[in-house]
Amino acid sequence: MDANTASVYEQMGELGAAVEYARRAAARLAGQDRRLHLPKVLIQTASLRARQGFSGEAEALFAEGIEAADAAGDLETCALGWDRVGEERLKRGELERAEGPLLEAWRLRKLHRLRGIETSYRNLGRLRMEQGDLRSAEALLDRALEPPEAPQGLMPDWDVYRTRGLVRMARGNYQGAVEDLRAGVRLARTWRAGVSPADATLLSSEQMVATAYAALARAAATLYFRSGDPEWLREGFEAVEENRARSLRALVTGAPERRAALPPEYWETLARLETVEAALLGQPRDGAAQDEAERLRTALVAIENRGGAAPPPVERDLAQRLRRALAPDAAWFTFQLDEPESYLWAGDRGGYALYRLPGRARLAAAVTEFAEAVREGREVAAARGTELYRVLFGAVAERFTGKPRWLLSLDEELFQLPVAVLRRGGQYLVERHAVAVVPAAELVARGGKPGWEARLAGHFVGLGDPLYNTADERWQARRKESGTSPGLLMATQPGVQLPRLVGSGREIALCAAAWERPEAVLLTGARASKANLRAALAARPAVVHLAAHVLESAQRTRHGLIALSLAPGRGSELLDPVEIAAWGAQAGVVVLSGCSSGAGQALPGSGLMGLTRAWLASGATAVAATRWPTPDGSGTLFESFYRYLREAPEEGAARALARAQGAMLRSGGWRAEPRYWGAYFMVASR
């Protein structure tokens, strides 16, 4: 049972959980069962460790598993082992070293008429494609798609179609490629519909199928530029946005309902994981704590899978629905990074167009260089911003770029782009446009959200200046009041001590005053706790402003841990993206003014991970965050932001942020520099 569970998690790409279950399976085997089944478990574990980056350990486990299978006379497992060795070497680009194991797997299957011969043809087809022998690659993939002599296992057939589609594109057969890629995407939809609903599992599966959608978009774009047929324009756009929509819609619309039914065991496990995460902040090399964290993450995935519900389907005709949903003053920009070229779809209520952009590597380098120049305040930033605007938007029709509201659907490295600081005609983009990053076009197209006036009718909740270290005079005063002994105090110190954010208490007070609602809730010092914040969110506030440290997490989908006040006897209290998404806070606007609060890994097809995504999943309409660390000031920019938002709520949060950034630009002094105001950006659900 454990081995089967590990296989499922492996197919979903949830490697930590798969390794845990594979190890359990190996530990439980004994006697004849051990002789018969251990080879498969060893090979499975080796494959997982290779995918985690432990190639040396993986090679040793592969050799051990193949030798054990040979000793047991299990030729099918021998072939499987050689296949996995070749696959992992192929992934690392070791083409010469991959060929021998893949041919040995094919030889065993062909000679002994074993199951899985189609897998050998698929892998050899991939190898020949990488070697540049496209004719042989296509012939081998044709064989892989022949009806198998025995039922196939968990291998996703869509990937064979995707690979043959790539080969056909490379050979110039774009019509044949589109047929294959359409089949791959169709099969991927069906396969993904059966994926377990845990967030980590959903995200992992989306990374697997993102390449099929991206390849279809590339083929459709090429055919559009060759023929001018608008159907290719539509198909490419919808391929890109469908994959993003499935990721975000599953999380944003499904999370509150899925999490409402989770048992107490889930929250207890999450609390234990957060305690271990806090300890790792102070002792990052603690191997036992890292193993415990991995075990707890695996348990969370398992519990979510038991209690979740399937995500809702993405509706069709996205392009037309998006056009109808756009406001007259808004333009939409969807980016797809690819090689050898990238693409930009620009649209408004009247229609849309497609533009070519440079390849991913060139754009990523330009974005990184520009962002670093802005962050460091270098003079060259202005020239770089002008050039990057030209590269990204220079060819785009004025009917799109002239719109005052821009909605951006970004991809991978573009999430790091400080869009507001791009320059056109000697002006910063923020002086011309209100920009919002929208994770998926589907969120805009489906509409149904209440207007900004309704979302912003409530009160203000602010959290700032938490108790972060035991040297804080407020901690000492609290100890004296409670009669806690110094010895007990030392015994319960947290794993990490953070510097106090002295100005953050004043920041939330000034921002609350700018919002002008008498029922503001301000949580500072020891009151800046998880329990108090959750209680304040229950009333569905219009604004949630968090001025707190944001810490790194080792797990890619859990980027960003909000540090709250120390808890007596429990150490650092951390607010995790998983828990935020589960709260269903339904706030209007969430502001994360902590350093690098908008950071996170940008995953193909899924978008930006981290706190912004978590708050959208929790029900927020918009989330403001920072791309890099900003000074611990008094919140002057956000004072302006709240004033503009209160005076003209119908214009929305992105417009209010643009006006506040413009006010900083005109203010003089250090706040007028782009490295200050350019760090902030807005993510919105529409």
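The values are calculated or read from the model by the stated rules, or taken from the named source; none is laboratory data. Worth saying up front: this structure is predicted, and the values here are computed from it rather than measured. Note: ideal-geometry Cβ built from the backbone for every residue, glycine included; neighbour counts use all protein chains shown. Protein only, heavy atoms only, side chains kept; ligands, DNA and RNA dropped before computing areas. Shrake-Rupley method; radii C 1.70, N 1.55, O 1.52, S 1.80 Å.
Condition check for Q586 on (1) open to solvent by 30 Å² or more (accessible area, probe 1.4 Å); (2) within 17 Å of V623 (Cα to Cα); (3) at pLDDT below 80: one failure, at (3).
With D348, D317, D338, D329 as the choices, which residue is at pLDDT 90 or above, of a type outside the set (F, W, Y) and over 17 Å from W406 (Cβ atoms)?
D338
Check Y389, Y355 and return the single one that is under 19 Å from A330 (Cα atoms), modelled with pLDDT of 95 or more, in contact with a strand residue (DSSP E or B) (Cβ under 8 Å, 6 or more places away or on another chain) and assigned to a helix (DSSP H, G or I). I'd like the intermediate steps shown before the answer.
Values: Y355 fails: assigned to a helix (DSSP H, G or I).
Answer to the check: Y389.
Given the structure, is E138 open to solvent by 40 Å² or more (accessible area, probe 1.4 Å) and at pLDDT 90 or above? Answer is no for this residue.
What are the residues in the stretch 339-358 that are within 22 Å of the chain's Cα centre (by Cα) and open to solvent by less than 10 Å² (accessible area, probe 1.4 Å), if any? Break it down stepwise before answering.
Of the stretch 339-358, the ones within 22 Å of the chain's Cα centre (by Cα) are 339, 342-345.
Once the filter is applied, which keeps residues that are within 22 Å of the chain's Cα centre (by Cα) and open to solvent by less than 10 Å² (accessible area, probe 1.4 Å), the stretch 339-358 yields S342, Y343, L344, W345.
Against the criterion of being on the phi > 0 side of the Ramachandran plot and either surrounded by fewer than 23 Cβ atoms within 10 Å (Cβ to Cβ) or among the charged types (D, E, K, R) (or both), G662 does not qualify.
When the stretch 589-614 is limited to residues that are open to solvent by 10 Å² or more (accessible area, probe 1.4 Å) and closer than 20 Å to A542 by Cα, the one that is modelled with the highest pLDDT turns out to be S593.
With V240, V301 as the choices, which residue is surrounded by 19 or more Cβ atoms within 10 Å (Cβ to Cβ) and at pLDDT 80 or above? Before the answer, list the steps.
Details: V301 fails: at pLDDT 80 or above.
Only one candidate passes the filter, namely V240.
For the structure I just gave you, tell me whether R455 is under 24 Å from G351 (Cα atoms) and not hydroxyl-bearing (S, T, Y).
When the stated conditions are applied, R455 does not pass them.
Quick one: which helices (runs of 4 or more DSSP H) sit completely within the stretch 13-84 and have at least 1 residues that are at pLDDT 80 or above and open to solvent by 40 Å² or more (accessible area, probe 1.4 Å)? Please lay out each step first, then the result.
Working: elements: 15-28, 31-51, 55-71.
Where helices (runs of 4 or more DSSP H) fall fully within the stretch 13-84 and carry at least 1 residues being at pLDDT 80 or above and open to solvent by 40 Å² or more (accessible area, probe 1.4 Å), they are 31-51, 55-71.
L127 falls short on exactly one of the conditions (1) closer than 20 Å to E146 by Cα; (2) touching a Pro at 6+ places or on another chain (Cβ under 9 Å); (3) crowded, with 20+ Cβ neighbours inside 10 Å, and that condition is (2). Note on the stretch 507-516: among residues that are crowded, with 17+ Cβ neighbours inside 10 Å and not aliphatic (A, V, I, L, M), the one that is farthest from the chain's Cα centre (by Cα) is W515. The condition of being in contact with a helix residue (DSSP H, G or I) (Cβ under 6 Å, 6 or more places away or on another chain), in a helix (DSSP H, G or I) and under 24 Å from Q427 (Cα atoms) holds for only one of R675, R655, that being R675.
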